[in-house]
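Visitor: Once you've had a glance at the structure underneath, I'll fire off some questions.
The values are calculated or read from the model by the stated rules, or taken from the named source; none is laboratory data. Since the structure is predicted, the reported quantities are computational estimates derived from the model, not experimental observations. Neighbour counts run over all protein chains shown; Cβ positions are idealised from the backbone, glycine included.
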Amino acid sequence: MSSIALGDRITLAPDVLIQELAGESVLLNLNSEEYFGLDDIGTRMITVLNESDSVAIAQAQLLQEYEVEPAQLSQDLLTLISDLQTHGLITIKPAPPDDSTA
């Protein structure tokens, strides 16, 4: 399993279906035929991750929405990403290299 950087982009894997119901969701990996359930906060996290250009942008958005310490949110987000990656439910596009010449 790879390390996650704040600049990485997280998206649902192409062979994953997501069904939302009453704020919670179920993800289905069509390759393994395994289901993965998320509560309302996990559902919001994966939605924001999937729509954001980076983990850092998603984290900033979630910090505006929830009353939580930044360190706790960061840990929860990385744990979710790790779990989703383990189950083959997401793709991680590494952050582009820093081209600044400071």
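Visitor: Which residues, counting only those in segment 82-102, are farther than 30 Å from E33 by Cβ and touching a residue at least 12 places away in the same chain (Cβ under 8 Å)?
Guide: Passing the criteria: A95, P96.
Visitor: Just give me the residues in segment 31-40 being surrounded by fewer than 17 Cβ atoms within 10 Å (Cβ to Cβ) and of a type in the set (A, V, I, L, M), in sequence order.
Guide: none
Visitor: Could I ask something else about it? If I filter segment 29-49 for residues that are among the basic types (K, R), in contact (Cβ under 8 Å) with a residue 12 or more places away in the chain and touching a Gly at 6+ places or on another chain (Cβ under 9 Å), do I get at least one hit?
Guide: Checking segment 29-49: at least one residue is among the basic types (K, R), in contact (Cβ under 8 Å) with a residue 12 or more places away in the chain and touching a Gly at 6+ places or on another chain (Cβ under 9 Å).
Visitor: Hey, another quick one. When you go through (1) within 14 Å of L80 (Cβ to Cβ); (2) over 14 Å from the mean Cα position of the chain (by Cα) one by one for S32, which number turns out not to apply?
Guide: Every condition holds for S32 apart from (1).
Visitor: Let me ask another. Determine if segment 76-89 includes at least one residue that is over 11 Å from the mean Cα position of the chain (by Cα) and of a type in the set (A, V, I, L, M).
Guide: Checking segment 76-89: not a single residue is over 11 Å from the mean Cα position of the chain (by Cα) and of a type in the set (A, V, I, L, M).
Visitor: Do we find that L63 is at pLDDT 95 or above and out of contact with any Asp or Glu (no Cβ under 8 Å at 6 or more places or on another chain) in this structure?
Guide: yes
Visitor: Here's something else I'd like to know. On the given criteria, is L27 more than 15 Å from A5 (Cα to Cα), at pLDDT 95 or above and either surrounded by 17 or more Cβ atoms within 10 Å (Cβ to Cβ) or of a type in the set (D, E) (or both)?
Guide: Yes: the conditions hold for L27.
Visitor: What are the residue pairs meeting all of these: first residue in segment 58-81, first residue at negative phi, second residue of a type in the set (G, A, S) and not in a helix (DSSP H, G or I), Cβ atoms under 6 Å, and 6 or more apart or on different chains?
Guide: Taking only residues 6 or more apart or on different chains, the pairs are A58/S52.
Visitor: Now for a different question. Going by what's in this entry, would S52 be described as under 18 Å from P14 (Cα atoms) and small (G, A, S)?
Guide: Yes: the conditions hold for S52.
Visitor: Go through segment 45-60 and report how many residues are surrounded by fewer than 16 Cβ atoms within 10 Å (Cβ to Cβ) and closer than 21 Å to L27 by Cβ.
Guide: Number satisfying all stated conditions: 2.
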